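Where a number appears in this text, it was derived from the coordinates with a stated rule and is not lab data. Because the structure is a prediction, the values reported are computed rather than measured. As a convention, Cβ positions derive from the backbone with ideal geometry for all residues, glycine included, and neighbour counts pool all protein chains shown.
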Amino acid sequence: MEVRRVQKFGKSTLMVSLPADWVKEVSLNPGESIYLEVDEDGSLKVYPPNLRTESVPREMKVKISITTSPELMTRIIYSLYILGFDKITIETLNGPFSEDLLRKIKESVRSLIGLEIVSQDITSIQIQSFLDPTKYNIGSLVNRLTNTLKQMLHYLNLGIREASRTFLQEVVELEKEVDRLYYLSLRQLLLAQVNRSLAYMIGVKRIQIVGNRILMKAAEEAADEISEAANDLLSLHPEDLALLKMSWDKMDMLIDQTSVVIDHVVKVLNKEDIKLVNEALEELRTLRRVLLSDALLLEEKIQRMNAPKVATAIRTLNLRLYNAIRRMEPIAEIAFNRGIEGLKEVVIE
């Protein structure tokens, strides 16, 4: 770390010179403007006129056996994507790709935003990222992710009301979109951690990186619960699904309340108002109590159905909604903490 002495300039202005090597590296000329940012730890960040967000492309070569587990290969691709690698070359050591391995690699690439296979032969595949990280603001990614969550609940509701497998299948497809946004968000957060210029452009504060990762994971897990609820219903026989429709009025209210609470949690995350966040936390807890009490009330109706599979589906659906609500609580807690950290004093009127 270089140390420079602060000098007085005029009656009240303090001045420090810029390092010559840095000035040369960023091609800074006299008369140009620079950007100053006070970081969370009190340090001062200096940015050149053209913020440098690009870095040296990161490449990784992966050498595998043709007997390598397709699931392991999927995890490697996902991990390299999250870690910010721009080019991935996969080569086999002992023959051509197996059909299962090749299929899994292609599925993995298609499920990650910005990745494409740019070349391929029987023993080698080259994957490249065409993402421009400056185009994906973290706030907009959070909103897209939670809006997709609400869409999932909407189609789940329609699937029950119409006894429609098409609507239920749409819930499952939307969960894949949540996963794509989740992995992109993780990639952005890790890139922002090592590239402060990029972090500045996409709205990531250093102190909030961990919290952002937690809230993204919470939303992704809530989507998993809703998707599993749809899969549970898809496993029913059409006649049982039609029978479940008889309980739609009650399910409609619970699903609608779940969607409303999720919407409130996201809104208070943006406002960082501790009173509003506290109200959202109470809404979450109240809805969880309602789901538990309604589960008991549904038992009598379930007993009269004389349809074991439908009874199980109703119980499981209630539990899935309960779990989805639980997954949203960390997001509200993060919003509460952010509301506190921005205050100089706490005043409750």
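A compact table of results
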{"quantity": "Set of aspartates and glutamates near K271 by C-alpha distance (under 20 Å), chain-local residues within fewer than 8 positions excluded", "calculated": "E40, D263, E279, E282, E283, E329, E333, E341, E345, E349"}
{"quantity": "Among 14-20, 63-69, the order from most to least packed when residues are scored by Cβ within 10 Å on average", "calculated": "63-69, 14-20"}
{"quantity": "Under the Karplus curve 6.51 cos²θ - 1.76 cosθ + 1.60, θ = phi - 60°, whole-Hz ³J(HN,Hα) for segment 261-270, x wherever Gly or Pro sits", "calculated": "5, 4, 4, 5, 4, 5, 5, 6, 4, 6"}
{"quantity": "I66 long-range amide H proximity, modeled H, under 5 Å", "calculated": "L93, N94"}
{"quantity": "Net +/- balance of residues flanking E272 in space, Cβ distance below 10 Å, scoring K and R +1, D and E -1", "calculated": "0"}
{"quantity": "L18 long-range amide H proximity, modeled H, under 5 Å", "calculated": "none"}
{"quantity": "Sequence-distant lysines (8 or more away, or on other chains) whose Cα lies within less than 19 Å of K245", "calculated": "K301, K309"}
{"quantity": "Protection-proxy order for peptides 27-38, 207-218, each taking the mean of Cβ atoms within 10 Å per residue, highest first", "calculated": "207-218, 27-38"}
{"quantity": "For the chain, calculated [θ]222 nm from helices alone, where every DSSP H run of n ≥ 4 adds -39500 (n - 2.57)", "calculated": "-21000 deg cm²/dmol"}
{"quantity": "Aspartates and glutamates whose Cα lies under 18 Å from that of K87, excluding same-chain neighbours fewer than 8 positions away", "calculated": "E54, E59, E107, E116, D121, D132"}
{"quantity": "Alpha carbon convex hull of the chain, volume per residue in cubic angstrom", "calculated": "181"}
{"quantity": "Karplus-derived 3J(HN,Hα), 6.51/-1.76/1.60, for each residue of segment 336-342, Hz, glycine and proline x", "calculated": "5, 4, 5, x, 6, 5, x"}
{"quantity": "Gained length - V194 relative to V38, 0.36 nm times residue gap less alpha-carbon distance", "calculated": "54.4 nm"}
{"quantity": "Segment 7-47: radius of gyration over Cα atoms, expressed as a fraction of 2.2 N^0.38 Å", "calculated": "1.36"}
{"quantity": "Violating pairs (Cα-Cα greater than 32 angstrom) within the set K45/K217; K205/K275; K150/K275; K63/K205; K176/K205; K45/K135", "calculated": "K63/K205"}
